[in-house]
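Take a look at the structure set out below.
The values are calculated or read from the model by the stated rules, or taken from the named source; none is laboratory data. Small disclaimer: the values here were computed from a predicted structure and weren't measured. For neighbour counting, all protein chains shown are included, and Cβ atoms are generated from backbone atoms with ideal geometry for every residue, glycine included.
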Amino acid sequence: MNILIINAGSSSLKYQLMDPDTGVVSAKGLCERIYIDGRLTHSANGKKVVKDIPMPTHSEAIEAVLEILVDPVDGVIKSTDEIDAVGHRVLHGGMEFFDSCIINDEVIAAIEKCIPLGPLHNPANLMGIRACQAVMPSTPQVAVFDTAFHMTMPPVAYRYAIPTEYYKNDSIRRYGFHGTSHKYVTKRAIELMGRKDIKLVNCHLGNGSSMSAVKDGKCQDTSMGLTPLAGVPMGTRSGDLDPAVVQFIMNKYGMSADECLNMLNKKSGVMAISGVSSDFRDIENSALSGNEDCALALDKFAYEVRKYIGSYSAALGGLDCLVFTAGVGENSASMRARICQNLEYLGVKIDPEKNEVRGKEAIISTDDSKVTVWVIPTNEELMIAQDTAELVKAAK
Ligand code: ADP
């Protein structure tokens, strides 16, 4: 089977052609500068090509992708009929979507309804969907939502303690993001542990970071909220904050709410505390050369992640399995060790030698650790391809 995975942004579009059974990616690439001029970067058959192609809208970008996929030299298929289905990454499914689904007119209307919750991403995702429908009308399209995995949270986790009218009238509640990644590592953890009834905490630690608490394969809580700004501190996002800080800064510095939120999204996090970079490798290197602000940024990040592990263990009533994933979680042995310091009371014991692993599935806890600690590289594209294939097969 060939699944085309599309992640459409406002002026860009990423794609992969993947076999959902093997996870093998035969081609992948990126359309950039849509609406400006248009550039396609395409990798397949062991080589990369860059082409300037006019892309006045997302439709021309999709057309360019299909054209290069069937190109006799740079392509990997003979005809677009070989594409069995398209899986679209969609940011916000609001309270409309609890799982991935085959796209029809009602689904499009429901994604539109969620635009107020994902004002930057949902319109771009819809443009990608509509462009694919226009150029490949008989190919099934599937929407995979970043929020869907978290929709099993109980009200105690998703309701905010603010007047009910905002929930009822405006759907203001915790949603959570990175759901496709949390779903993928949960699925793998269950397979690797050989049982579903595990109490699991997932740490998706990258440039954006989020935590999830999972029981019996179902999400019980997650650290991001109505938007991805909540939770642990991130590359440039503040994470959790007393909301009155916003009012204080707006009043003192004459900032608008948008300006203040922009500062919290783009100028905060470990970048702000380290004063060096939003990139954890840079911060780790500077900390090693004695930069104390960088050491504090790493300690702050580890401290907040550790607090979430503790609180989620309390929420789950125990902990069987702890998973590290995404750029930092998969690659930084020192950050994993820093986070797991003082977690022995919970039954988490890291083996320093096993912890040296990078970017592959491995247990990093000691044999006598009560909690099994895993590194599981995430694969959101594979999850999208598998969901898409499953839905399309079931619909046949
Ligand atoms: P995104 O949220 O953009 O998908 P990623 O999951 O790719 O982010 O994670 C990017 C982060 O992972 C960067 O801060 C990068 O420094 C960090 N990272 C990648 N490799 C390492 C490593 N070997 N050691 C420490 N941090 C790393």
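Could you tell me which residue of the stretch 300-336 is nearest to residue 184 (Cα to Cα), considering only residues that are within 13 Å of the ligand (Cβ to nearest atom) and touching a Pro at 6+ places or on another chain (Cβ under 7 Å)?
Step by step, filter the stretch 300-336, then rank; the result is 325.
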Exercise. Taking the stretch 211-222 only, how many residues are among the small types (Gly, Ala, Ser) and either under 18 Å from residue 261 (Cα atoms) or more than 16 Å from the ligand (Cβ to nearest atom) (or both)?
Worked result: 2
Exercise. Taking the condition more than 19 Å from residue 299 (Cβ to Cβ), without any contact (Cβ under 8 Å) to a residue 12 or more places away in the chain and among the acidic types (Asp, Glu), does residue 353 pass?
Worked result: yes
Exercise. Across the stretch 161-219, what is the total count of residues that are among the small types (Gly, Ala, Ser), in contact (Cβ under 8 Å) with a residue 24 or more places away in the chain and over 21 Å from residue 113 (Cα atoms)?
Worked result: 9
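Among the residues in the stretch 275-285, are any assigned to a loop (DSSP other than H, G, I, E, B) and either within 16 Å of the chain's Cα centre (by Cα) or away from the ligand (no atom under 16 Å from the Cβ) (or both)?
Taking every residue of the stretch 275-285 in turn, none turns out to be assigned to a loop (DSSP other than H, G, I, E, B) and either within 16 Å of the chain's Cα centre (by Cα) or away from the ligand (no atom under 16 Å from the Cβ) (or both).
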Exercise. Do we find a residue being among the small types (Gly, Ala, Ser) and over 30 Å from residue 337 (Cβ atoms) anywhere in the stretch 166-184?
Worked result: yes
Exercise. Do the conditions hold for residue 368, that is, is it assigned to a loop (DSSP other than H, G, I, E, B) and either at pLDDT 95 or above or in contact with a strand residue (DSSP E or B) (Cβ under 6 Å, 6 or more places away or on another chain) (or both)?
Worked result: yes
Exercise. Residue check, residue 150 against (1) outside any helix (DSSP H, G or I); (2) in contact with a Phe, Trp or Tyr (Cβ under 7 Å, 6 or more places away or on another chain), all met but one. Which one?
Worked result: (1)
Seminar exercise, completed: Checked pairs for the stretch 366-385, first farther than 22 Å from residue 354 by Cα, second among the charged types (D, E, K, R), C-beta under 8 Å and 6 or more apart or across chains, list as 380/89; 383/183; 383/187; 384/89; 385/19
Exercise. Quick one: which of 235, 208, 269 is within 14 Å of the ligand (Cβ to nearest atom) and over 25 Å from residue 360 (Cα atoms)?
Worked result: 269
